[in-house]
Every structure is written in structure tokens, then in C-alpha cells.
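A.B. asks: Let me begin by handing over the structure; questions about it come next.
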Amino acid sequence: MKILNVDQIRALDQATIQHEPIAPLNLMERAAQGFVEWFAARYPNTSPIKIFCGLGNNGGDGMAIARLLLERHYTLDIYVVRYAPRESDDFMHNHRRLKLITEQVSYIELSTDIPAIRHNEIVIDAILGSGLSRPAEGIIRSTIEAINRAPATVISVDIASGLFADKPNRPDDVIIEPDHTVTFQLPKLAFVLPRNGRYVGEWHLVNIQLNKRYIDLAPTPYYYTTPHEARLLLHKRDRFSHKGTYGHALLLVGSYGKIGAAVLASRACLRSGVGLLTVQVPRCGYSVLQTAVPEAMCRPDGHQYVLTGQSEVESPAPAEYSTVGIGPGIGKAPETLAMLRELLPTLKKPIVLDADALNLLAEHRELLDILPHNSILTPHPKEFERLTQPWADDYEKLNSLQAFAKRYRVVVILKGAFTAVATPDGEVHFNSTGNPGLSTGGTGDVLTGVLTALLAQGYDSVEAAVLGVFAHGLAGDRAADQRGPIGMVASDVIDALRWD
Ligand SMILES: NC(=O)C1=CN([C@@H]2O[C@H](COP(=O)(O)OP(=O)(O)OC[C@H]3O[C@@H](n4cnc5c(N)ncnc54)[C@H](OP(=O)(O)O)[C@@H]3O)[C@@H](O)[C@H]2O)[C@@H](O)CC1
Ligand SMILES: Nc1ncnc2c1ncn2[C@@H]1O[C@H](COP(=O)(O)OP(=O)(O)O)[C@@H](O)[C@H]1O
Ligand SMILES: [K+]
């Protein structure tokens, strides 16, 4: 699913109006109906509602929502924040229609007009939408502050009032902090960026049948992976396949004290459909691995505690495997750095790099230039910062993510909520699965195993990254369902992996 910017959303609105065709007012009515259906399903008979409307089309939506809620017999207090003399045409029209069925519309011009909001109330925020052109000031600011102070449940229409949809806010901007945002048809870039978490809450899409052709043709680097899109990426298994069909992966993982990372990555790799798996661990990890992961072959490293790349047993060179996954638990010993230096120039196919492999790249940047093209790097934000530089805001971070993936011709998976997969072509695919239960040691090692298995099976790097991140997050969601987000651990995520 595409993520469009504000100008494109406006043009999409116009395209829908022209080509469907539909009157602007009816499109607004459709949006309001979509919101009200969502609302009624969630809050079938609820405590008092207070709705705050601005004077633009977001406020127009609010007026129409108020009318539809009254028709459904909800108890409603309606407020218009009169911050300017100007009102949009569709606001005016819906204001008039509302006044035909109720006299109970109050106007907020001064702080003293702002009502007290009680804890059992629901607040609907329709003050400012995607037309925000500057930070909220004056009476809008005071109203937003009052809503944020109130102990009520807050639901924003389209986007929290005061939040820019596709560019950074200033740190001292005043923005609604909703529990839910109900937006129209497509997500906004602001929704998937970490620093906006409290200005978005849980967000929900309401389909209002905007022009499909415009959406299909609209150029954007930003995408949001839906379950349907992820499922389309999945390769089917061949009835006449054998284990050779699904590749032979090599994992270079673990060091003394971190053999658990090796076990997690190996088990996840096997649970993700790889044909054969060989794992190279330092000698201290040999018995552990052979016991904990009997399905994997093990080539013990020549070194007792860290990886050096020298194998104790006769075995093929890493380049002969379908792919290599390297990083979880490896540490940054000089011998391991030397291994990386020797290994990288020999590899021609994309590989997976994680954890201390990335930290070694950050400290020895010349290695970045010899990465096999289309390799997958899986930094968490701290690791990515080491690879690049600190950023002032999420938009700067996103730019630097896109630039990095392009420059080194790699796929970069920046992990976190709404994990961002940046491609060498400059696209970014935000993931839709996962939950805070994944914030626990070892889940990143699991992801490395998953991705290594997909590359070994012949998935192209971008598809492997998008699908792997999606399946990993979905497994995290299943694990959270079963164990709860607090009690779940990385092994639960492995157990919950499913590929159907
Ligand atoms: N396709 C869709 O998604 C659909 C969208 N729809 C709805 O339309 C909404 C967008 O409507 P919109 O363009 O009228 O914007 P909205 O934010 O209501 O008001 C802008 C006005 O406020 C003003 N203004 C801006 N910032 C300000 C500030 N800080 N302080 C004071 N004033 C400020 C600005 O003034 P100006 O910048 O011109 O000075 C302008 O007059 C969208 O969010 C959704 O709810 C649906 O109805 C149909 C389908
Ligand atoms: N709040 C969250 N929401 C969704 N996914 C999360 C969240 N926190 C962590 N994750 C996921 O968990 C994994 C953590 O990886 P990482 O930080 O490398 O852990 P480790 O190094 O302990 O294995 C990533 O895939 C990340 O996207
Ligand atoms: K709003």
C-alpha cells in the first residue's frame, strides 16, 4: 500500500471528485460515514462525547460526523473552535445542515469558552487535518492543551490536530495526543515514525473509495506492507522438491557467552524453510549447538572462544553456500574482524549482516565498499547511527537511510515499531506487524535466521527483507497473543513462525 504526501492526497481528492465523479460534499459525507461506522462498531453505546471542530475540511468532517452521531442517538456536545474569520465551503455547508437538527453548537473563541472534560468522556478531535500549514497557536493551542490534559479517550479524525503529515514538527509544537487516529484510506508518513508515537496512538484506516487509478500512478518511495501484499511474495513449495531445492545456508554466529544468539538464529533459519543449514561457531559452542539444534550441521571454528573463519573440519568455502548470515553474538575480536576482511571479497551473492558484523563495518568503513551488492543489513537504530551519523528528527533519519541503501547498493532493515526496509532503489517499505513484546533480547537474532533462510531459498533481497520482516513481526504478534507481550521471549517468536 502506498503512503502519499499531503499534496498527493489533495490531488487524489480532486481526482476522485472529477473522475468518479462525486461532489466534494458527498466525498466528505463518505468520509464521515466511514468514521462513524468505525466509531459505532467500537463504541456501540457510549458515555458522553465531545467533538471539537475547526473551520477547514477537517472541521467539515467533524460537523458531518456530529450530525451522523446524533442521528444514531449518541449524546453529543459540539464545539467549533473559531480561530479565524474564514471557513471552508464544505465546513459551512455541514455546519448549516447540523444546525437544522440541533441548536446545541457552542463556539470557542476565548480560553474561558473551553469546556471541562471528564474522564468518562470521549473526545473527537476534528480541529485541523492534513491542511495544517503552521504550528497551532492561540485558541487552537489552548484547546489542544486542554484536551491533552483531560483524562478522556481521544480520537482524532484523519490526523491529530497540530501534527504535520509528512514533515517534522518543532519540539515545542502543541499537538493532540490521541488514543486513536482514524484516517482515510491510506496511512500518512507521520504515522510510522517513532517520535510521533504519542501524536498518533493506534491508527486505523477507513476506506472511502478514493480514485484507484490516481493511487496506482502516484509516484512515491514509501510503502506500507499489507498482509495481502506480504502473502503474494511467498514462494510455494514444489511437490517434487528435495532439500537441495531450498538452498544450503551458512551461519557465522556466536562467541563465548553468546552461543544463545547462535542457537536462536539457527533455529529460526530452520523454521523458515531452508533446505540445509550449516552453522560455524567457536569451539566452545559446538556441543551446545549440536544438542540444541540437531537439525543443523555444525562446523566448529578453530578458535575456542571467537570466530576466526578457520574451520576444524574439512568444509566448503563460504562462497559455495547459497548464502551466508553473519553477526548474531560474534563480538568484535580482532580475529573476527580479520575473518570479515577475508570473507567479504570472496562472496558474490547477497548475504545477511547483523549486530557486531554491523558494528565492525561502522568501525572499518572500507568494508562497506566490498559488501556483495543487495546484501541485507539489519541495524537497530543505535547500530544504524554508528553506520551513519546522528539525526535531528525522523525525517532526516529516513533520508539518511535511503541514501545509505542507495550508496552501498544494499537493503537496510532499520528495526523497531514499523520496521523500515530501505532498498537500493531508494524505496522504503514500512512493516505492519510486530508489537512491543518483541523488545526483548534475541528477537533480532531470530530475524537474521529468518532472512538467511529466505535468501538461501532464492528470494530476491528486497522480497526476502519485506516478507521476512513481516513474518517475523506476525510471529511476534502470535507469541504476544499466547504469552502476553511482557512474558514472551525470542524462542516463542521462533515457535510462532508460520509460512502459510
Ligand atoms: N482525501 C482525503 O483524505 C479527504 C479528506 N477530507 C478531510 O479534509 C481534511 C483536509 O482539509 P483542509 O485541507 O481544509 O485542511 P484542514 O486542516 O481542515 O484546514 C485547513 C485550514 O486551516 C488553516 N490552518 C492550517 N494550519 C493552521 C494553524 N496552525 N492555525 C490556524 N489555521 C490553520 C488553513 O489556513 P491557511 O493555511 O490557508 O492559512 C486552512 O484554512 C482532511 O484532514 C480530512 O479530514 C475529507 O473530508 C474528504 C476526503
Ligand atoms: N516496539 C516494537 N514494535 C515492533 N517491533 C519491535 C519493537 N521492539 C523491537 N521490535 C523488533 O524486535 C527486534 C529487535 O531486534 P534487536 O534490537 O536486534 O534485538 P537483539 O539484538 O536482542 O536480538 C527487531 O526485529 C525489531 O523490529
Ligand atoms: K484532526
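Every number here is computed from the coordinates shown, using simple stated rules; none is lab data. Keep in mind that this is a model prediction, so the values were computed, not measured. Reconstructed Cβ throughout: ideal geometry from the backbone, glycine too, with neighbour counts over all protein chains shown.
A.B. asks: May I ask for the percentage of alpha-carbon pairs in the chain that lie more than 43 Å from each other?
C.D. replies: Value for the chain: 28 percent of Cα pairs lie more than 43 Å apart.
A.B. asks: So, one more: Tell me whether the stretch 229-495 comes out rounded, prolate or oblate; compute the Cα gyration tensor, take square roots of the eigenvalues as a ≥ b ≥ c, and use a/c under 1.5 as the rounded threshold. Don't skip to the end; give the middle numbers.
C.D. replies: On the way: a/c = 1.33, a/b = 1.12, b/c = 1.19.
It comes out rounded by the Cα gyration axes.
A.B. asks: Considering only Cα-Cα distances, which of the following residue pairs are longer than 22 Å: K382/K406; K258/K332; K243/K332; K2/K349; K258/K349; K258/K382?
C.D. replies: Among K382/K406; K258/K332; K243/K332; K2/K349; K258/K349; K258/K382, the Cα-Cα distance tops 22 Å for K243/K332; K2/K349; K258/K349.
A.B. asks: Turning to a different aspect of this structure: With +1 assigned to the C-beta of every Lys and Arg and -1 to the C-beta of every Asp and Glu, and no other charges, what is the dipole magnitude of the chain about the Cα centre in debye, to the nearest 20?
C.D. replies: On the way: 48 positive and 55 negative charges, 101 e Å.
Its charge dipole is roughly 480 debye.
A.B. asks: Let me ask you something else. Shape verdict for the stretch 6-216, please, from the Cα gyration tensor: rounded (a/c under 1.5), prolate (a/b greater than b/c) or oblate.
C.D. replies: On the way: a/c = 1.39, a/b = 1.14, b/c = 1.23.
Rounded is the answer for the stretch 6-216, as its axis ratio a/c remains below 1.5.
A.B. asks: I would also like to ask the following. Within the stretch 470-500, which residues have the backbone N less than 16 Å from the label spot 7 Å out from A292 along Cα→beta-carbon, could you tell me?
C.D. replies: Answer for the stretch 470-500: 489-495.
A.B. asks: Here is a follow-up. Got the relative contact order for the chain handy, in percent, Cα pairs under 8 Å and 6 or more residues apart? List each step's numbers first, then the result.
C.D. replies: Working: 1078 pairs, mean separation 59.8, N = 500.
Once divided by the residue count of the chain, the mean separation gives 12 percent.
A.B. asks: Using the Karplus curve 6.51 cos²θ - 1.76 cosθ + 1.60 with θ = phi - 60°, work out ³J(HN,Hα) for each residue of the stretch 116-132 in order, rounded to whole Hz, and write x for Gly and Pro.
C.D. replies: So the Karplus estimates, Gly and Pro as x, are 6, 10, 8, 6, 8, 8, 10, 9, 9, 9, 10, 7, 10, x, 6, x, 3 Hz.
A.B. asks: Let me ask something else about it. Determine the gain in length on full extension of the stretch R407-K2; use 0.36 nm per residue of separation and subtract their C-alpha separation, reporting nm with one decimal.
C.D. replies: Taking R407 through K2 to full extension adds about 143.4 nm, to one decimal.
A.B. asks: Which helices pass in the chain if a helix is a full DSSP H run, must span at least 18 angstrom along its long axis by Cα, and must have mean Kyte-Doolittle hydropathy not below 0.0?
C.D. replies: Qualifying helices, which must be both long enough and hydrophobic enough, are 24-42, 57-71, 443-456, 461-483.
A.B. asks: What is the dipole size for the stretch 359-435, taken about its Cα centre, with +1 at each Lys and Arg Cβ and -1 at each Asp and Glu Cβ, in debye to the nearest 20?
C.D. replies: Once rounded to the nearest 20, the dipole reads 120 debye.
A.B. asks: Follow-up question, since we're still on this one. Once amide H atoms are placed 1.01 Å from N in the peptide plane, what residues at a sequence separation of 5 or more from R299, or on another chain, have their amide H within under 5 Å of its amide H?
C.D. replies: Excluding prolines and chain starts, which carry no amide H, the hits are V279, Q280, V281.
A.B. asks: Moving on. For the stretch 326-468, what class follows from the C-alpha gyration tensor (a ≥ b ≥ c being the square roots of its eigenvalues): rounded when a/c is under 1.5, otherwise prolate if a/b is larger than b/c, else oblate? Don't skip to the end; give the middle numbers.
C.D. replies: Details: a/c = 1.29, a/b = 1.22, b/c = 1.06.
Taking the square roots of the gyration eigenvalues as a ≥ b ≥ c, the stretch 326-468 is rounded.
A.B. asks: So if we plug the beta-carbon distance of T102 and A317 into 1/(1 + (r/R0)^6) with R0 = 60 Å, what FRET efficiency do we get, rounded to 0.05?
C.D. replies: So the FRET efficiency works out to roughly 0.15.
A.B. asks: Moving on. Skipping prolines and chain starts, which residues have an amide H placed within reach, meaning under 5 Å, of the one on I3, given they are 5 or more residues away or on another chain?
C.D. replies: Excluding prolines and chain starts, which carry no amide H, the hits are Y222, Y223, Y224.
A.B. asks: Also, quick follow-up: List, in order, the whole-Hz ³J(HN,Hα) value for each residue of the stretch 291-300 obtained from phi through the Karplus relation with A = 6.51, B = -1.76, C = 1.60 and θ = phi - 60°; use x for Gly and Pro.
C.D. replies: Rounded to whole hertz, the list is 7, 6, 10, x, 6, 8, 8, 10, 10, x.
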